[in-house]
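Report on the structure given below.
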Amino acid sequence: MPFDFKVADLSLAEAGRHQIRLAEHEMPGLMALREEYAAAQPLAGARIAGSLHMTVQTAVLIETLVALGAQVRWASCNIFSTQDEAAAAVVVGPRGTVDEPAGVPVFAWKGESLPDYWECTDAILTWPGEGPNMILDDGGDATMLVHKGKEWEAAGQVPPTTEGDSEEFSVFKALVRRTLAADPQKWTTVAAGIKGVTEETTTGVHRLYQLAEARELLFPAINVNDSVTKSKFDNKYGCRHSLVDGLNRATDVLIGGKVAVVAGYGDVGKGCAESLRGQGARVVVTEIDPICALQAAMEGYQVTTMDQAAEFGDIFVTATGCFDVITAEHMARMKNKAIVANIGHFDNEIDMAGLAATAGVTKTEIKPQVHEWTYADGRSIIVLSEGRLMNLGNATGHPSFVMSNSFSNQTIAQIELFAHPEAYVDVDGHPSVTTLPKHLDEKVARLHLDPLGVELTELRKDQAEYLGVDVAGPYKPEHYRY
Ligand code: NAI
């Protein structure tokens with residue numbers, strides 16, 4: 001074997017390659033960046049450790065990074081989100097064969113165990129020669145491994161596992177313990193080599209700002225999520241598409257006429273609510289933020305609390321980035337055969353441990369990632385993807401066109417941070433978290449207009465002067481919210 005990798009089945013590579021080929025057609029932003037930077041090779045010398053759902057769309061991102069000169073190792077950021085044919089195709093590569101793979105080392109398959117998951121995350125940060133110098137993260141797990149690894153390495157030990165630790169945290173601690181036993185300076189070495197991280201999602205970005213505020217961020221970060229062409233498109237229109245896809249593939253229950261409860265009316269919640277309403281559901285929203293609650297009300301949705309909605313909802317979707325949004329007590333009061341799903345990044349939005357600990361409850365697998373939990377009185381609820389993000393666990397995530405926007409931002413952010421890591425520090429010289437400048441956000445949007453037949457109006461010079469902007473943009477001030 002020319003390189004190490006771990007995927008489900010390399011013989012799926014041909015099927016994956018066909019899907020990648022079709023996806024490329026729907027990802028004009030990434031393909032334009034390949035063309036623009038083919039000669040300059042701005043990522044030559046970049047060694048990128050990527051932790052992001054290993055889907056067909058991500059395959060196009062990975063091959064774009066490689067086309068721009070990068071070396072890459074990849075894992076998925078969720079145990080259920082890998083499309084095995086995409087993972088196989090990336091390992092084989094566009095010019096390799098199943099017998100002689102010539103692509104990228106991928107460590108990902110659908111249905112990893114938690115120990116597998118952290119082994120795979122460790123594998124993308126463990127390079128055969130020189131270590132990684134960039135991280136591309138989704139949810140912040142790769143970044144967390146480096147930070148916690150270094151912190152515990154400095155403390156001389158990984159804190160002992162206690163009863164209060166979640167299963168995930170215990171598994172994580174065990175992994176760090178193992179890596180430090182093999183190489184006591186592993187994480188100091190890895191951290192020292194990293195120039196920066198580009199982060200994909202709301203939850204990961206939240207973690208980065210917390211680290212930066214505590215002055216504990218070890219390297220600069222670009223917040224890709226808050227590019228307008230990411231969060232106002234992928235989070236919203238992506239979920240508008242993939243939420244219903246996941247519900248249909250998992251249950252095929254008729255959505256029309258049902259009461260669908262969406263927890264959280266941020267970007268993801270807005271997309272979810274719209275798609276459920278589009279199917280004819282009566283949508284109910286729960287929110288903690290008065291502004292988002294008012295937005296939901298203005299759109300015509302009923303806004304109430306989960307305590308109330310638990311009893312009359314047919315379909316529940318959490319989209320908050322918060323924890324304990326649906327508790328075991330809520331689930332115990334739900335209607336017979338209510339569907340419970342999470343589309344937020346982590347699996348703590350629904351209290352799965354509390355559900356499993358409910359007296360007399362039993363779990364039946366209907367099919368992978370679809371489970372019926374039956375209470376002692378015979379009522380049952382259907383839980384999707386064991387409480388993990390269902391649009392990737394039960395379906396294949398967002399479609400290519402919207403991911404082309406997100407991943408164009410990712411590519412531009414990698415180029416920028418790899419070239420100028422020193423520019424991304426705060427006034428005191430500490431690594432900072434920054435969003436891409438607006439002209440690049442506008443550039444990403446521009447790359448996606450032609451395929452949709454959009455005819456953009458060109459500002460005249462006198463009009464531009466009147467508005468106080470440049471003819472070539474940016475067209476909005478930083479504080480504009482879209
Ligand atoms: P956001 O911050 O725009 O929206 C979250 C909303 O939930 C906020 O309005 C907040 O006030 C509300 N909220 C927080 N706690 C709540 C609670 N206990 N009850 C009710 N509402 C509550 O975040 P965004 O971008 O909508 O992302 C939400 C989650 O989805 C994040 O974890 C993010 O990482 C993830 N995400 C998942 C995607 C997917 O494909 N599955 C795509 C993009 C983001």
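The values are calculated or read from the model by the stated rules, or taken from the named source; none is laboratory data. Just so it is clear, the model here is predicted, and its values are computed rather than measured. Cβ: placed from backbone, ideal geometry, glycine included. Neighbour counts: every protein chain shown. For accessibility, only protein heavy atoms count, side chains too; no ligands or nucleic acids. Shrake-Rupley method; radii C 1.70, N 1.55, O 1.52, S 1.80 Å.
What the table below lists for this structure:
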item: Neighbourhood net charge (12 Å Cβ-Cβ; Lys/Arg +1, Asp/Glu -1) for V259; result: +2
item: Within the chain: Cβ-based charge dipole about Cα centre, in debye rounded to nearest 20 (Lys, Arg +1; Asp, Glu -1); result: 520 debye
item: Global geometry of segment 159-223, whether rounded, prolate or oblate, following the gyration tensor of its Cα atoms and the 1.5 cut on a/c; result: oblate
item: Shape of segment 237-394, Cα gyration tensor, a/c cut at 1.5; result: prolate
item: Whole-number accessible area per residue in Å² for segment 1-149, which is evaluated in the context of all protein chains at 1.4 Å; result: 35 Å²
item: Segment 348-463 - Kirkwood radius from inverse mean 1/r over Cα pairs (Å); result: 19.3 Å
item: Taking the chain and dividing mean pair separation by its residue count, relative contact order in percent (alpha carbons under 8 Å, at least six apart); result: 15 percent
item: Proximal lysines to K335, defined as alpha-carbon separation beneath 18 angstrom and excluding residues fewer than eight positions away on the same chain; result: K258, K363
item: Coil-residue trypsin sites (Lys or Arg not before Pro) of segment 34-140, DSSP, other Cβ within 10 Å capped at 13; result: R95
item: Relative contact order (percent, whole number), segment 237-394, Cα cutoff 8 Å, 6+ residue spacing; result: 21 percent
item: Restraint check, K337/K367; K6/K186; K270/K438, Cα-Cα greater than 20 Å; result: K6/K186; K270/K438
item: Table column - 3J(HN,Hα) (Hz), segment 141-154, Karplus curve with 6.51, -1.76, 1.60, x for Gly and Pro; result: 5, 5, 5, 5, 4, 5, 5, 5, x, 5, 4, 6, 4, 5
item: Long-range amide H partners of I222 with built H, under 5 Å; result: V197, T198, E199, T434
item: Solvent-accessible area, 1.4 Å probe, carbon plus sulfur percent, for segment 237-394; result: 54 percent
item: Backbone HN-Hα couplings from phi across segment 373-387 [Karplus 6.51/-1.76/1.60, Hz, Gly and Pro as x]; result: 10, 9, 8, 4, 7, x, 5, 9, 10, 9, 10, 8, 6, 6, x
item: Residue-averaged [θ]222 nm for the chain, counting only DSSP H segments that reach four residues, each worth -39500 (n - 2.57); result: -12000 deg cm²/dmol
item: Cut-off under 5 Å, modelled amide H: who pairs with V370 long-range; result: S385
item: Residue among A75, G256, F107 farthest towards the positive dipole end of the chain, charges placed on Cβ; result: G256
item: Accessible area (Å², 1.4 Å probe, nearest 10) - W109; result: 40 Å²
